[in-house]
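The structure appears below as structure tokens.
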Amino acid sequence: MRKLFLSSSFNDVASLLEGFAKENIKGKSVTFIPTASINEKVKFYVGSARKAFEKMGVTVDELEITKATGEEISNKLKKNDYIYISGGNTFFLLQELRKSGADKIIIEEINSGKLYIGESAGAMVVSPTIEYVQYMDDCKAAPELKTFTALRIIDFYPIPHYTNFPFAKVVENIITRYESELQLYPISNSQVILVKGDDVDVIGK
């Protein structure tokens, strides 16, 4: 059964993870993918997420996809208990997932029941397409990306940072542009989308 924990700001909702996982997560391990953030000027959220996992007793096994071999990518994604993908540029993230083949392994692992934790870009990249994200992220950051078709694990479209500075206006623009054609799920930094099989819930403030 697919299990996804999709957030805007993981650090703000990390306390909800154990209840969703329905297991003691202390001593578990997470494949921690910061790739979306590596070319971004602002990336404090990556360190915040790492500290949040460590505080919960989860072992962080970092996997920076642009620097890893195919064997390293496969081994880490398969051996660890959870997969986490950080925020950053969604287009660059998808480009690198595709180039490395990590996208296929992640899809297989999620479909096999491994818990996936996505923050911002990491939440949007599991949508059917990331075309709608061009209002939030610069698609020029991924010159080798040939299509906006994403991982297609979910059939809806998370929009992170709803009502939160500095993205509030951008999110409203996305909603105005796409609400008549896409199933949008706007979430604030204190909310999380929980996917369990075919069930989808939004919890938090």
Residues of the range 115-143 satisfying the condition of being surrounded by fewer than 20 Cβ atoms within 10 Å (Cβ to Cβ), in a loop (DSSP other than H, G, I, E, B) and either under 14 Å from the mean Cα position of the chain (by Cα) or of a type in the set (Asp, Glu) (or both):
128, 138
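When the residues of the range 1-22 are narrowed to those that are among the aliphatic types (A, V, I, L, M) and part of a helix (DSSP H, G or I), which ends up farthest from residue 159 (Cα to Cα)?
Residues of the range 1-22 among the aliphatic types (A, V, I, L, M): 1, 4, 6, 13-14, 16-17, 21.
Narrowing further to those that are part of a helix (DSSP H, G or I): 13-14, 16-17, 21.
Numbers: 13: 16, 14: 18, 16: 19, 17: 20, 21: 23 Å.
Only one residue fits best here, namely 21.
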Could you grab me the full set of residues in the range 60-87 that are among the hydroxyl-bearing types (Ser, Thr, Tyr), over 17 Å from residue 49 (Cα atoms) and in contact with a Gly (Cβ under 9 Å, 6 or more places away or on another chain)?
74
Hits in the range 24-66 - residues which are among the aromatic types (Phe, Trp, Tyr) and surrounded by fewer than 22 Cβ atoms within 10 Å (Cβ to Cβ)
44
Inspect the range 36-44 for any residue being assigned to a helix (DSSP H, G or I) and either farther than 30 Å from residue 163 by Cα or without any contact (Cβ under 8 Å) to a residue 12 or more places away in the chain (or both) and give the result as yes or no.
yes
Would you say residue 153 is touching a helix residue (DSSP H, G or I) at 6+ places or on another chain (Cβ under 6 Å), assigned to a loop (DSSP other than H, G, I, E, B) and farther than 17 Å from residue 12 by Cα?
yes
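Among the residues of the range 52-61, are any within 17 Å of the chain's Cα centre (by Cα), outside any helix (DSSP H, G or I), farther than 22 Å from residue 91 by Cα and not acidic (Asp, Glu)? Steps first, answer last, please.
Our first condition is that a residue be within 17 Å of the chain's Cα centre (by Cα); within the range 52-61, this holds for 52-53, 60-61.
Filter once more, so that each one left must be outside any helix (DSSP H, G or I): 60-61.
Those left that are additionally farther than 22 Å from residue 91 by Cα: 60-61.
After this cut, where a residue has to be not acidic (Asp, Glu) as well, the list is 60.
Taking every residue of the range 52-61 in turn, at least one turns out to be within 17 Å of the chain's Cα centre (by Cα), outside any helix (DSSP H, G or I), farther than 22 Å from residue 91 by Cα and not acidic (Asp, Glu).
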In the range 62-104, which residues are of a type in the set (Phe, Trp, Tyr) and either in a helix (DSSP H, G or I) or over 16 Å from the mean Cα position of the chain (by Cα) (or both)?
91, 92
Qualifying residue in the range 73-85 (condition: touching a residue at least 60 places away in the same chain (Cβ under 8 Å) and surrounded by fewer than 19 Cβ atoms within 10 Å (Cβ to Cβ))
no
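Coordinate-derived values only; no laboratory data. None of these values were measured; they are calculated from a predicted model. Glycine also receives a Cβ, built like all others from the backbone with ideal geometry; neighbour counts cover every protein chain displayed.
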